[in-house]
Amino acid sequence: MSTVPPVTPHDLPAALAEPVRRVGPRWIALISLANLGLWMAYFGPLQVLLPQQVAAAAPGSKETALAWVTGVGAAVAMVANPVAGALSDRTAGRYGRRHPWTLAGAVAGGLGLVFLAFQGSVLGVLAGWCLAQAGLNAMQASLTAGVPDHVPVAQRGEVSGWIGVPQTLGVVLAVVLVTVVVTTTSSGYLVIGLLVPLAALPFVLATPDAPLPAAHRPHAGVRDLLRGLWISPRAHPDFAWAWVTRFLMQLGNAIVLLYLLYFLTDAVGYERVFPGGRAQDGLLVLILIYTAAVVLTTVAGGVVSDRLGRRKAMVTVAGVVSAVPAVLMAFWPRWTMVIVAAAVMGVGYGVYLAVDNALITQVLPTASGRARDLGVINIANSGPQVLGPVIAGPIVAGLGGYPVLYLTAAALSLLGAGLVWKIRSVP
């Protein structure tokens, strides 16, 4: 059974103590750089490289093959993130709890991408993407824990906002990198595979990571570690409600984005509106508008939530705003309206990204299990990527089409925005 020596607050080592000193611009910049490499490694393959590679390997069944590759990869992510987080919580050594896992995850993820560069079969692509997902999620688990490890509560909205910017910029930079800077699928994988550890190194080498004294390390076997991944909703209701609201909001967002390219082609009629144009061009325009809106609002939203100290109200507002673009696309599938929807979605998601990340760090069950707990929260990010196609496919195929699809997404966002008030310990 897992045991930790009893301690009083004054006896806690730095690795487990609640942070009180504000972090500076240098720390924020370096963890943001590491996150930029992480999100480029996620989105470069998902948006461009994997679809291209799977289409070349299985041209007659590319949709099904890609669904298998991304679905199994998401399942690996759902397991790897909390497991790696739990292991980092138990890591006792002079190099700290998080940095070894950040670097090891970055290297493993990069090697997975390099492996993908040389694959020509669907099975090989599946194996490479699973390896990459395992490494990248280990890196994400340790990076995510950096905020509650080092940032005081009163600064977490601002810092979460800055860390959220690379998550959005990573989409644009990854797409530009693998479509403009490099010209082949293999070179795209190789370049991103190299950039991931290079982006992580400055944070690992130049920022502190307090070591966990061996005396405070939980003594647990594999069974105890796996059992610890279950966090009782009865014992920790605020954590459970935070997980549910994150899952609903991310599921609504995933449903909106999943068939956006097909929506532009089939419902908006982008090629008819712009003769000679391609729906892919319209998608890039929407991504740029969305990204600009997120970047302009995420840091500001985090700062405002720090000053007001009212996270739940801002999450609710962000959820309501996020539902608006889905309604616009459901009833007015026109290009001009879709542009407006992209901007509104970026505003809502930008505020939500910063404020909800800060809120979640305030409902973690224990200081000794921060990375594990955040890994469990990250299941609420990966799970919708698996469940989204299961819900969206039948709706688009015959249960009401795009209007019902987007109204469903709006309903999920509103439900998540409302349930955040079930959280009692955060204002």
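The values are calculated or read from the model by the stated rules, or taken from the named source; none is laboratory data. Being a predicted model, the structure only gives us computed values, none of them experimental. Because the Cβ atoms are built from the backbone with ideal geometry, glycine has one as well, and the counts that use them run over all protein chains shown.
Of (1) over 25 Å from residue 168 (Cα atoms); (2) in contact with a Lys or Arg (Cβ under 7 Å, 6 or more places away or on another chain), residue 127 satisfies all except one. Which?
So the condition that residue 127 fails would be (2).
Could you grab me the full set of residues in region 390-399 that are surrounded by fewer than 17 Cβ atoms within 10 Å (Cβ to Cβ) and either in contact (Cβ under 8 Å) with a residue 12 or more places away in the chain or in a helix (DSSP H, G or I) (or both)?
If we filter region 390-399 for residues that are surrounded by fewer than 17 Cβ atoms within 10 Å (Cβ to Cβ), which is where we start, we get 390, 393-394, 397-399.
Those that are surrounded by fewer than 17 Cβ atoms within 10 Å (Cβ to Cβ) and either in contact (Cβ under 8 Å) with a residue 12 or more places away in the chain or in a helix (DSSP H, G or I) (or both): 390, 393, 394, 397, 398.
Which count do you get for residues in region 275-287 that are in contact (Cβ under 8 Å) with a residue 24 or more places away in the chain and either more than 19 Å from residue 328 (Cα to Cα) or not aliphatic (A, V, I, L, M) (or both)?
Selection size over region 275-287: 2.
May I ask you to verify whether residue 138 is free of Cβ contacts under 8 Å to residues at least 60 places away in the same chain and crowded, with 24+ Cβ neighbours inside 10 Å?
It is true that residue 138 is free of Cβ contacts under 8 Å to residues at least 60 places away in the same chain and crowded, with 24+ Cβ neighbours inside 10 Å.
Looking at region 400-415, can you tell me whether even one residue there is outside the structural domain of residue 70 (by TED's automatic domain parsing) and not in a helix (DSSP H, G or I)?
yes
When you look at residue 122, is it in contact with a Phe, Trp or Tyr (Cβ under 8 Å, 6 or more places away or on another chain) and among the β-branched types (Val, Ile, Thr), yes or no?
For residue 122, the condition - in contact with a Phe, Trp or Tyr (Cβ under 8 Å, 6 or more places away or on another chain) and among the β-branched types (Val, Ile, Thr) - is met.
For the structure I just gave you, tell me whether residue 393 is over 19 Å from residue 262 (Cα atoms), out of contact with any Phe, Trp or Tyr (no Cβ under 8 Å at 6 or more places or on another chain) and modelled with pLDDT under 85.
No.
Mind listing whichever residues of region 234-260 are closer than 24 Å to residue 403 by Cα and assigned to a loop (DSSP other than H, G, I, E, B)?
259
Mind checking which pairs have a first residue in region 291-320 that is under 10 Å from residue 353 (Cα atoms) and touching a residue at least 24 places away in the same chain (Cβ under 8 Å) and a second that is among the charged types (D, E, K, R) and surrounded by 24 or more Cβ atoms within 10 Å (Cβ to Cβ), Cβ under 9 Å, 6 or more apart or different chains?
Listed pairs, sorted by first residue: 299/158; 302/156; 302/158; 315/356; 318/356.
Any residue in region 253-270 that's in contact (Cβ under 8 Å) with a residue 40 or more places away in the chain: show its pairings with residues that are among the β-branched types (Val, Ile, Thr) at Cβ separation under 7 Å, as long as the two are six or more apart or on different chains.
What qualifies is 255/391; 255/408; 259/396; 268/338.
Could you grab me the full set of residues in region 93-130 that are farther than 26 Å from residue 147 by Cα and under 21 Å from the mean Cα position of the chain (by Cα)? So that I can check it myself, show each step before the final result.
From region 93-130, those farther than 26 Å from residue 147 by Cα are 111-130; that's our starting set.
Scanning region 93-130 gives 111, 112, 113, 126, 128, 129, 130.
Among the residues that make up region 365-372, is at least one of them part of a helix (DSSP H, G or I) and among the β-branched types (Val, Ile, Thr)? Can you show your working first?
Just the residues of region 365-372 that are part of a helix (DSSP H, G or I), to begin with: 367-372.
Within this subset, residues satisfying the condition of being among the β-branched types (Val, Ile, Thr) are none.
Within region 365-372, none of the residues are part of a helix (DSSP H, G or I) and among the β-branched types (Val, Ile, Thr).
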